[in-house]
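In what follows, a structure is listed as structure tokens, so that the remarks can point back to it.
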Amino acid sequence: MRALILVDIQNDFLPGGALGVTGGHEIVPVANRVMPFYDLVVATQDWHPADHQSFASQHAGRSVGEVVTVDGLEQILWPDHCVEGTWGAEFPEDLDTAGIHHVVRKGTDRMIDSYSGFFDNDHRKSTGLAEFLREQGVTAVDVMGLATDYCVKHTAVDAAELGFEVRLLLEGVRGVELAPGDCDKAVGHMEDKGVTIHREPERTP
Ligand code: VGL
Ligand code: ZN
């Protein structure tokens, strides 16, 4: 069975949000259109405590975009975003959440970030998503959401490494682009890791 994974489609990653991705709102209708084609739809949510150590606000004298070391791991500093229980962490109002069967929350440990829906950034702990998908009989996943160059990339690459057949729905992703070209680079990296890039608009995936 092929499942759909919606990555971090949350208010804070849409324009106007704390970490708004350019054009991020354009993928909501894409998600709504394709969800009915899948027997299983899983959504991830970035879900941080207010003192998460990926927030620049937690590091005196540091600003957004700088890289620090947290618990032995390199960490890019972000604006405060997707704080558990806040509006920014919620799904956007126009996302058809009735079509989502299962939600996975990640980044809940203040000491380690989690771009992937499967593992934290050091692969110390599983979120349980791989185990859940296997229990459901899933062998293939289509991935879309935000952001191409961070959470989408890490989720798709981990899925491929875990042995799932993975397609990236290009119409349904947008990226942060801290540096110009980051999204193209991320797509190339996913392709190198065995992810199929699905370039056509989704009608019957
Ligand atoms: C993300 C940066 C920080 C993402 C999450 O969803 O791509 N990016 N936290
Ligand atoms: Zn985050």
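The values are calculated or read from the model by the stated rules, or taken from the named source; none is laboratory data. Being a predicted model, the structure only gives us computed values, none of them experimental. Positions of Cβ are backbone-derived with ideal geometry, glycine not excepted, and every protein chain shown enters the neighbour counts. The protein model used for the area step is the full one, side chains on, heavy atoms only, and it has no ligands, DNA or RNA in it. Shrake-Rupley method; radii C 1.70, N 1.55, O 1.52, S 1.80 Å.
Go over the candidates THR108, THR139 one by one and state the one that is under 16 Å from the mean Cα position of the chain (by Cα), open to solvent by 70 Å² or more (accessible area, probe 1.4 Å) and in contact (Cβ under 8 Å) with a residue 40 or more places away in the chain. Let's see the steps before the verdict.
Values: THR139 fails: under 16 Å from the mean Cα position of the chain (by Cα).
Step by step, each of THR108, THR139 is checked, and only THR108 is under 16 Å from the mean Cα position of the chain (by Cα), open to solvent by 70 Å² or more (accessible area, probe 1.4 Å) and in contact (Cβ under 8 Å) with a residue 40 or more places away in the chain.
Screening region 1-20 for residues that are surrounded by fewer than 24 Cβ atoms within 10 Å (Cβ to Cβ) and within 12 Å of ligand 2 (Cβ to nearest atom) and picking the one that is nearest to the chain's Cα centre (by Cα) gives LEU19.
Against the condition within 16 Å of ligand 2 (Cβ to nearest atom), charged (D, E, K, R) and surrounded by fewer than 24 Cβ atoms within 10 Å (Cβ to Cβ), how does ASP120 come out, does it pass? Judged against the criteria, ASP120 is a match.
For region 10-28, filtering for residues that are closer than 17 Å to VAL83 by Cβ, assigned to a loop (DSSP other than H, G, I, E, B) and either more than 14 Å from ligand 1 (Cβ to nearest atom) or hydrophobic (A, V, I, L, M, F, W, C) (or both) leaves 4. Counting residues in region 41-51 that are farther than 20 Å from TYR115 by Cα and without any contact (Cβ under 8 Å) to a residue 60 or more places away in the chain gives zero.
If you go through region 29-59 and keep only what is open to solvent by less than 50 Å² (accessible area, probe 1.4 Å), part of a helix (DSSP H, G or I) and more than 16 Å from ligand 2 (Cβ to nearest atom), you end up with VAL30, ALA31, ASN32, VAL34, MET35.
Criterion applied to VAL104, VAL64 was being within 14 Å of ligand 1 (Cβ to nearest atom) and over 30 Å from GLY194 (Cβ atoms), and the one residue passing it is VAL64. Among the residues making up region 67-85, those that are of a type outside the set (A, V, I, L, M), within 14 Å of ligand 1 (Cβ to nearest atom) and in a loop (DSSP other than H, G, I, E, B) are PRO79, ASP80, HIS81, CYS82, GLU84. Looking at region 33-49 only, could you name the residues that are under 26 Å from VAL83 (Cβ atoms) and touching a helix residue (DSSP H, G or I) at 6+ places or on another chain (Cβ under 9 Å)? Result: VAL41, VAL42, ALA43, THR44, GLN45, ASP46, TRP47, HIS48.
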